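Here the structure comes first, spelled out in structure tokens, and everything after it is commentary.
The values are calculated or read from the model by the stated rules, or taken from the named source; none is laboratory data. Every value quoted in this text rests on a predicted model; they were computed, and no experiment measured them. With ideal geometry, Cβ positions are generated from the backbone for all residues, glycine too; neighbour counts draw on all protein chains shown. Heavy atoms of the whole protein, side chains included, go into the accessibility calculation; ligands, DNA and RNA do not. Shrake-Rupley method; radii C 1.70, N 1.55, O 1.52, S 1.80 Å.
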Amino acid sequence: WQQPWTDYVAPAAMILFGFDLLFRRREHRHENFLQRPVPSSEEGKRIVCKTRFGGDEYVYHGETFHGASLEVFCGGIRLDLRDAVISEDEEIDIHNSCGGIEIFVPRTVNVVVQSRSFLGGVENSTNGTTTPSAPTIHIIASNFCSGVEIRN
């Protein structure tokens, strides 16, 4: 009979540590992200960004933001909304497995996070506005062995 520590916890911890080493080095190096044009959905509203085993960066330069769906598997997405036009409440739906997502938001919006994470999490480091009538970005995140960082 072996202890659960040696059968389950130690191997899982070593695997997670390995993923952390692999992805943390890649996600913060700007040159590893492919700069892509902001995608538009069929109806011209909500965008859909998907990445597998790589990194993509989407930067708004004055375009209107109407929400997003971000899907990551073993990679990363950087979404920069600091120069986006956000005039009403919007939603970002996130499904993230073994990856990382960085979201930059303007200081003129509020951010509300709902997270359902297993071996991961969401860090909201924003300094939002104190105006209650300001637009709110609602972030709904499902993470598995992954993380989301939101900042200004």
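Below, the figures for the structure above:
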| read-out | value |
| --- | --- |
| Glu102 being under 23 Å from His138 (Cα atoms), open to solvent by 20 Å² or more (accessible area, probe 1.4 Å), among the acidic types (Asp, Glu) and at pLDDT 75 or above | no |
| One residue from Val105, Val59 being of a type in the set (A, V, I, L, M, F, W, C) and under 18 Å from Asn127 (Cα atoms) | Val105 |
| Residue that is least open to solvent (accessible area, probe 1.4 Å) [pool: residues in the stretch 129-148 that are over 12 Å from Ser115 (Cα atoms) and not in a loop (DSSP other than H, G, I, E, B)] | Ile137 |
| Hits in the stretch 121-152 - residues which are closer than 14 Å to Val72 by Cβ and hydroxyl-bearing (Ser, Thr, Tyr) | Ser142, Ser146 |
